[in-house]
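Working notes, structure below.
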Amino acid sequence: MIGEVAAMHREAGAPLFVWHFGGDEAKNILLGAGFQPLDGTDPGKGRVNLAAQDKPWARSPQCAALLSAGKAASVEELPSMFARQVSQIVHANGIGTMAAWQDGIKHANGPQDFATANMMVTLWDTMFWGAADSAGTLGNQGYKTVLALPDYLYFDFPYAFDQYECGYYWASHGTDSFKTFSLAPDNLPQNAEIMADRDGNPFEVTAPDRRLGSRAFKDRLGQK
């Protein structure tokens with residue numbers, strides 16, 4: 001499929017430079033509420049372990065064989081292994097950059113694990129859960145980092161803290177245009193000074209890299 005899409009871009013005269021792998025929230029649907037056999041014999045029905053949904057391919061015989069052969073230490077490492085394999089296909093099709101949500105590469109050692117010349121990561125940590133630390137770590141490892149901070153940049157949360165306002169609230173009870181446009185991406189810890197956490201409480205942010213507002217950090221984020 002990657003080759004077919006790349007060929008379509010070449011034919012259209014619009015070369016494909018970035019392939020986004022995805023990799024976020026890969027679920028084992030056999031363990032979740034999204035799948036039940038028609039015969040009703042699933043022993044997990046009504047007793048689903050929600051934590052187990054975060055282990056994609058946990059019931060796959062092929063993946064079990066990989067684990068038995070010692071090619072992967074745990075089920076949790078399989079998504080990053082898959083991402084490395086996909087990067088080889090992306091590279092073979094002349095695409096210089098592969099992108100992924102952070103979940104898809106969290107068991108990799110860094111961009112050097114992947115076949116493409118560049119590796120881009122979409123960071124979805126919230127500020128109060130340590131996004132500044134994550135951004136600094138990923139940047140220092142050499143990843144090109146795209147900030148997708150949910151508490152500032154997701155638009156499916158309530159616009160205001162009000163019982164009649166619709167939206168998810170796992171990262172924010174109120175995300176309005178002022179909050180979004182006041183985000184300071186070049187100095188992430190600064191945001192904690194003007195915005196509260198999802199419950200309206202103040203929080204602290206550490207800054208392991210004191211150059212968060214410097215040109216060096218901007219370059220690591222892929223900015224020019």
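The values are calculated or read from the model by the stated rules, or taken from the named source; none is laboratory data. Just so we're clear, the structure is a prediction, and the values are computed from it rather than from any experiment. Because the Cβ atoms are built from the backbone with ideal geometry, glycine has one as well, and the counts that use them run over all protein chains shown.
Among the residues of the stretch 135-146, is there at least one that is of a type in the set (Val, Ile, Thr), in a strand (DSSP E or B), in the same structural domain as Glu204 (by TED's automatic domain parsing) and touching a residue at least 24 places away in the same chain (Cβ under 8 Å)? Yes - at least one qualifying residue is present in the stretch 135-146. Apart from one condition, Ile95 fits all of (1) part of a loop (DSSP other than H, G, I, E, B); (2) free of Cβ contacts under 8 Å to residues at least 40 places away in the same chain; (3) in contact with a Leu (Cβ under 6 Å, 6 or more places away or on another chain); the exception is (2).
Kindly establish whether Gln88 is of a type in the set (S, T, N, Q), over 22 Å from the mean Cα position of the chain (by Cα) and part of a helix (DSSP H, G or I). First the steps, then the outcome.
On the way: of a type in the set (S, T, N, Q): yes; over 22 Å from the mean Cα position of the chain (by Cα): no; part of a helix (DSSP H, G or I): yes.
Answer is no for this residue.
Among the residues of the stretch 108-134, just one is assigned to a loop (DSSP other than H, G, I, E, B), among the β-branched types (Val, Ile, Thr) and closer than 22 Å to Thr180 by Cβ, namely Thr126.
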